[in-house]
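What follows is a short report on a single structure.
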Amino acid sequence: MRIVIKVGTSLIAPGGRIDANLMRAIVDQFDLSKNEYLIVTSGAIAAGVSRLGLSKRPSGVPGMQACAAVGQSQLMHTYERLFFGKKVVAQLLLSSDDFTSPVRYRNLQNALAELLALGVVPIVNENDSVSVRELEGAFGDNDELSALLATAVKADWLLLLTNVEGLLVPNGREKPRLQRVVRKLTPALEAQCDGKSAMGRGGMISKLRAAKLASEGGVQVAIVNGRHPQGITLGMRRKIGTYFPPAREEV
């Protein structure tokens, strides 16, 4: 199978420092002998904040650009170590124009197809250091980017890894209930989700919209807790998390 894994800032760099142990636990779940993987990674700005010794994430665009440039090299160094002796990794920094321009989109698809044919694991992120539009939230903390990428490569699965169990919905006076399957994203569901992490730009609402986009493109999607030791495996078995069936599948 071809699987896109999106890892958010809250997992990669909680508090602004790369959590290499958690990243290793995620990568160790990959069945590299059977499946093709693409990783959409957040965390460059947060990692840059830490590496530069800043007390908080910059509010201005130039500061965020600088943090992204510094943090991106930190991220790739970490991924190189995680896959050492297993797979070659490649870096792709993308902007929204790569998906809206027919020529650039075709070039992107060709490059990804060749990398996958060579057995390479593409590591994809927004081009935050130069593309101001992305810093202003064009992709919503890489959630939309992961959906567009999954559609572009005709992936079988998109796993959106986060720091909660999935889509939690109000349940009267009881604790929120996990929504196991979402067949259709409604305004009512969207209205229940508007939070985001301190270091990231996304939140559950952007994950829901990304899941809708990818499922409409024929991709199976699951939002799962990336801290679960078998989050990827159990998410694809629909044992944990929230599942979004592809548009072609009857549920």
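See the values below:
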quantity	calculated
From the options L93, L54, residue that is open to solvent by 50 Å² or more (accessible area, probe 1.4 Å), touching a strand residue (DSSP E or B) at 6+ places or on another chain (Cβ under 8 Å) and at pLDDT below 95	L93
Criterion violated by M23 - all others in (1) within 19 Å of N142 (Cβ to Cβ); (2) in contact with a Pro (Cβ under 9 Å, 6 or more places away or on another chain) satisfied	(2)
Pairs, first surrounded by fewer than 24 Cβ atoms within 10 Å (Cβ to Cβ) and at pLDDT 90 or above in region 34-45, second aliphatic (A, V, I, L, M) and not in a strand (DSSP E or B), C-beta under 7 Å, six or more apart	N35/M1; E36/L116
Region 153-166: number of residues that are surrounded by fewer than 24 Cβ atoms within 10 Å (Cβ to Cβ) and at pLDDT 95 or above	4
Region 201-227 residues that are at positive phi, paired with ones that are modelled with pLDDT under 95 and among the hydrophobic types (A, V, I, L, M, F, W, C) (beta carbon under 9 Å, 6 or more apart)	G203/C193; G218/A247
Given (1) over 19 Å from K212 (Cα atoms); (2) at pLDDT below 85; (3) of a type in the set (D, E, K, R), index of the condition E114 fails	(2)
Region 1-27 - residue that is part of a loop (DSSP other than H, G, I, E, B) and under 22 Å from R237 (Cβ atoms) and, of those, most open to solvent (accessible area, probe 1.4 Å)	M1
Qualifying residue in region 169-185 (condition: closer than 24 Å to D19 by Cβ, small (G, A, S) and either open to solvent by 60 Å² or more (accessible area, probe 1.4 Å) or modelled with pLDDT of 80 or more (or both))	no
Residues located in region 201-229, provided they are touching a Gly at 6+ places or on another chain (Cβ under 6 Å) and either among the β-branched types (V, I, T) or modelled with pLDDT under 90 (or both)	R201, G202, G203, S206, I223, V224
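Conditions (1) in a helix (DSSP H, G or I); (2) of a type outside the set (S, T, N, Q), marked per residue:
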site	(1), (2)
Q29	no, no
K34	no, yes
Y37	no, yes
A46	yes, yes
S50	yes, no
L54	no, yes
Q65	yes, no
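The values are calculated or read from the model by the stated rules, or taken from the named source; none is laboratory data. The model shown is predicted, which means the values in this text are computed figures rather than measured ones. Because the Cβ atoms are built from the backbone with ideal geometry, glycine has one as well, and the counts that use them run over all protein chains shown. For the accessible areas, the whole protein counts, side chains as well, though only heavy atoms, and no ligand, DNA or RNA atoms are used. Shrake-Rupley method; radii C 1.70, N 1.55, O 1.52, S 1.80 Å.
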